[in-house]
């Protein structure tokens, strides 16, 4: 019999453990949350709790027993967070099985990004059911917080005051009828403590096995006053956290040089320059370059080496791997024979896997009892500093905007002749060009990684009142103001260009005789250089691009043209809101009281984006910076006025129906009404059937409407014209030549709203108070989807978008990827939850699992177009990566003052990307995996209550030190990606956690 690994046993055991729990156990699982809250750590609809007080739960405005919800509501307590070593809202969001796999966390936004993702610096967002961050509603104590200042769309969950939390309620259902039209994917409601007394001090550390990328958090909460006895309560909480940097070069699994597995990097910008056959430039090389016009046919072949030549890769050369991160350019994988003698460089190792992040959050609340009424004041805020770092700048020489030419002069003579002699041995025809400068492409690793430093400040203040009206009727009302303001500045890696990159810039400069490609005297000139900026410095020969070592004078010269500290852009998002509601019983039916909740909402949202003064036409240009001046927006605002109602009808003892509706009036978009119907049928105490139907209406965010048009170049080599190359892969076949179209991105003033319909039905089993199980089917249909096509999506559907493609002499040279209502999306799945418990050895054993099974994920991009193939388990460069199955499972044993926990996180595998050579079948690689393996990690922890005031918890995350599975995620069109998937896996590896909590 084949041996079964311990990991296989644990996988099966953790996933099935809950099913094996004894329903006749003599004792219940531990149902008490930290601080004595009555909300259980299991999903609220799956564990009964006799005597449970009726409260308002997420998804309803009517007070009810949260353990008998007609909606799939998962409640997560601070005890659950401690059990899993979760130390931040971002980690919590990634932990949820119902959360999608989009580029919503700091790791997946740490590399080169394009389009709207450029504004995600420092942002971590939620993405329930894969519907996108803009379709997931994030609440704090049931009310909205401001969207991130740079994006103006998604909420940064790391602004939430984590130390003040009592619990988190995750509504796995649409809630547009109650909260607003953007609650399509679901709602996450972070709920803080409200009547805390005493002092609570907590310290947390999370250190990897390698001793790098540490995570620390210190927090303190104080509270005074008993509402029942003294009539008031005041509490305050403050927390400071630090995330240390983790670089790609610190982990062996980050390796773009794995040609046997079908992965290599498509860049010829290397720390040892790759020479190109660029022609003349009037200002720096009027007679052309060393390789231009020469016969570059590779001996014994018909291949022209005009795709780049690196002396390290020539016969007798030192080899491309002689410098850190270097590799031979894999011309077969990239179907680019012209780069036969080129080298490449592993850009993925230069990106950071865990962004350095320092966050301060604070929360304060004062509550006063005015008889039976409660008046409360709340203030919360955060201040976060993040650093996004990725591959150093590539200076791709050309004859106009980046005219790079290494000259022959007394400073460069030795290097020039050494390079020339190696070249002429292979390509003797270049002898006729001796003395002409060498055109090249170069990666400036000595400049440091490209870096964006972002500071984000948030603030929210509000006043709220609630109390009885008469009978069982009560009211709630409140008003608040929330703000998020973020600013990004350049760090290392950026320099002033030194030449005019466009005719517009030249014309507006005021420099006599200025034209595109000419020197820009407004840029700083480095010591020893005769021309300005980084171009002037490189063309002086002070920097040696054919060496990874530079002289102190060269390093000082680089510093002189650095743009470090330049403001990149900034934005601010404001929300003013007021709400009031009443609820109570209307009349009695035989099965119970008919209850009503009704309310009004008013909200004003405003967004501004300031671009960058340094990017104006009258300022010297900074090379390769994603300036967004074209998106500058003084301020745009909208108001939302709404009325809503919710009616709960106990039809008979076993059937309860709820009908809700909301009428929203959006300035600029008109009025929309969205209903919601829910029902639960309980034929016995241990069996419940439930279902819901609702609609949604989401308006575009400010960026999607008002962003300007940005034109971006494409450095890749993998795209073909699908109208001339049915195979879809670059090859030597006629019509299958590589194309490199520029892309247009930006907003659309004519965007309309997207609409959605969704429904769900499920069953809940509770055969005893010690066991529960639920399965819910859900379906979400979204039409007139707001978004932007990716370059690949547009080319794959080119027949439907002829107006978005521009051709020059029959070749695709530009594509329009601006935002639009681009079609429809259909998503279906199952949510599964299991809980069980039993008495074992004088203690309590509890087990559980939450899982999500994806049944359908399809898109189409026009009403007239058919739906494409299933996107479940299919790799995509952007958007949500639809994994078929995800679950979290755990086993917990508690006895006396000790609690032991072991858990499993499972993320299903998916179809791997294939680079062009493998895709078109021209090459095979022996270790290429068509499917990415499942990602499975295990966590363990132990908590000990030393006494009633002191608790200590120690844990191991990723017990078996499992690396993320190998995946081809490199994208030559942006230069991002590597050999693992940050949307799925945690790159840190095994780490050790310790938390100490003291209460007074």
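Computed values, structure above
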{"read-out": "Helix 413-426 vs. the chain, principal-axis angle (Cα, 0 to 90°, nearest 10)", "value": "90 degrees"}
{"read-out": "Fully extended contour minus Cα-Cα distance, from residue 856 to residue 229, at 0.36 nm per residue", "value": "220.2 nm"}
{"read-out": "Percent RCO, i.e. relative contact order, over region 199-328, from Cα pairs under 8 Å lying at least 6 residues apart", "value": "13 percent"}
{"read-out": "On Cα atoms only, tilt of 6-16 relative to the major axis of the chain in degrees", "value": "40 degrees"}
{"read-out": "Calculated FRET value between residue 931 and residue 446, using beta carbons and R₀ = 56 Å, to 0.05", "value": "0.90"}
{"read-out": "Radius ratio Rg over Rh of region 774-901, counting only Cα atoms, Kirkwood formula for Rh", "value": "1.26"}
{"read-out": "Simple spin-label estimate for residue 768 and residue 466 in nanometres, 7 Å along Cα-Cβ", "value": "3.6 nm"}
{"read-out": "Cα shape, region 657-761, gyration tensor, a/c 1.5 rule", "value": "oblate"}
{"read-out": "Anisotropy class of the chain from Cα gyration tensor, a/c 1.5 cut", "value": "prolate"}
{"read-out": "Peptide ranges 410-419, 100-109, 457-466, 262-271 listed from the most packed, as the mean C-beta count within 10 angstrom indicates", "value": "262-271, 100-109, 457-466, 410-419"}
{"read-out": "Cα centroid separation, region 139-180 to region 684-752 (Å)", "value": "27 Å"}
{"read-out": "When region 333-424 is reduced to its Cα atoms, the Kirkwood hydrodynamic radius in Å", "value": "20.6 Å"}
{"read-out": "Helix-only [θ]222 nm of the chain, DSSP H runs n ≥ 4, -39500 (n - 2.57) each, per residue, nearest 500", "value": "-2000 deg cm²/dmol"}
{"read-out": "Inter-label distance, nm, simple model (7 Å from Cα along the C-beta direction), residue 639/residue 201", "value": "5.0 nm"}
{"read-out": "Inter-centroid distance (Cα atoms) of region 324-379 relative to region 464-479, Å", "value": "43 Å"}
{"read-out": "Mean Cβ neighbour count within 10 Å, used as a protection proxy, ranking 307-316, 162-171, 219-228, 888-897 highest first", "value": "162-171, 307-316, 888-897, 219-228"}
{"read-out": "For region 757-801 versus region 807-857, the gap between their alpha-carbon centres in whole angstrom", "value": "7 Å"}
{"read-out": "Tensor-based shape of region 155-228 (alpha-carbon gyration tensor, a/c under 1.5 rounded, otherwise prolate or oblate)", "value": "oblate"}
{"read-out": "Principal axes of region 249-314: Cα extent on each, largest first, Å", "value": "46, 34, 16"}
{"read-out": "Region 483-569: radius of gyration over Cα atoms, expressed as a fraction of 2.2 N^0.38 Å", "value": "1.25"}
{"read-out": "Paramagnetic reach from residue 798 in region 728-754 [backbone N under 14 Å; point 7 Å along Cα→Cβ]", "value": "728-731, 734-742"}
{"read-out": "Rel. contact order, % - alpha carbon contacts under 8 angstrom, at least six apart, region 727-810", "value": "23 percent"}
{"read-out": "Reduced Cα scattering model of region 422-546, Debye log10 I(q)/I(0), q = 0.14, 0.16 Å⁻¹", "value": "-0.88, -1.01"}
{"read-out": "Separation in nanometres of the label points that stand 7 Å from Cα toward Cβ, at residue 425 and residue 481", "value": "7.4 nm"}
{"read-out": "Relative contact order (%) - criterion: Cα under 8 Å, at least six apart; region: the chain", "value": "13 percent"}
{"read-out": "Per-selection metrics, region 594-646 (Cα): Rg and Dmax in Å", "value": "21.0, 69"}
{"read-out": "Per-selection Rg to Rh, region 880-963 - Cα, Kirkwood hydrodynamic radius", "value": "1.26"}
{"read-out": "Region 844-1000 - convex hull of alpha carbons, volume per residue in Å³", "value": "181 Å³"}
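We did not get these values from a lab; they are worked out from the coordinates using the rules stated. This one's a predicted model, so the numbers in the text were calculated from it and none came from an experiment. Because the Cβ atoms are built from the backbone with ideal geometry, glycine has one as well, and the counts that use them run over all protein chains shown.
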